Amino acid sequence: PRKAIVEENGKKYVYTKLGEEYVLTAVTAGFTDGANVEILSGLQEGDIYYIASVAASEEKNDETR
């Protein structure tokens, strides 16, 4: 989904999880229909990515525990 893409300094990223931490992973985006974005590189089939608001929410919850 398009809402999974995070743009910073003209580059596109998605959140992935490395151990217990969410990290931004650089991706190359292709075609978009407005709701979905084709990922050309940066992720492999079967990789799990996270919507930015979910990753931020979970990180905040971890900090308050």
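For residue 21 and residue 40 in one chain, what is 0.36 nm times their gap in residues minus the Cα-Cα distance, to one decimal in nm? Walk me through the intermediate numbers first.
Working: separation 19, 0.36 × 19 = 6.84 nm, distance 2.42 nm.
Fully extending the segment from residue 21 to residue 40 adds 4.4 nm.
Counting Lys and Arg as +1 and Asp and Glu as -1, what is the net charge of the other residues whose Cβ lies under 9 Å from the Cβ of residue 35?
Values: positive: 2, 3; negative: 33.
Neighbour charge sum, excluding residue 35 itself: +1.
Using a 1.4 angstrom probe with every protein chain in place, what is the largest-first accessible-area order of 43, 24, 18?
Details: 43 40, 24 65, 18 125 Å².
Largest accessible area first, the list is 18, 24, 43.
Can you give the accessible area of residue 11 in Å² (nearest 10), computed on protein heavy atoms with a 1.4 Å probe?
That residue has around 120 Å² of solvent-accessible surface.
Can you tell me the length gained on complete extension of the stretch residue 33 to residue 50, counting 0.36 nm per residue apart and subtracting the Cα distance?
Values: separation 17, 0.36 × 17 = 6.12 nm, distance 1.97 nm.
Result for the pair: 4.2 nm of gain on full extension.
Would you kindly find the accessible area of residue 20, with a 1.4 Å probe and non-protein molecules such as ligands, DNA and RNA excluded, rounding to the nearest 10 Å²?
Per-residue accessible area (residue 20): approximately 150 Å².
The values are calculated or read from the model by the stated rules, or taken from the named source; none is laboratory data. Just so it is clear, the model here is predicted, and its values are computed rather than measured. Here the Cβ is made from the backbone with ideal geometry for all residues, glycine too, and neighbour counts use every protein chain on show. The area values use the complete protein model at the heavy-atom level, side chains included, leaving out ligands, DNA and RNA. Shrake-Rupley method; radii C 1.70, N 1.55, O 1.52, S 1.80 Å.
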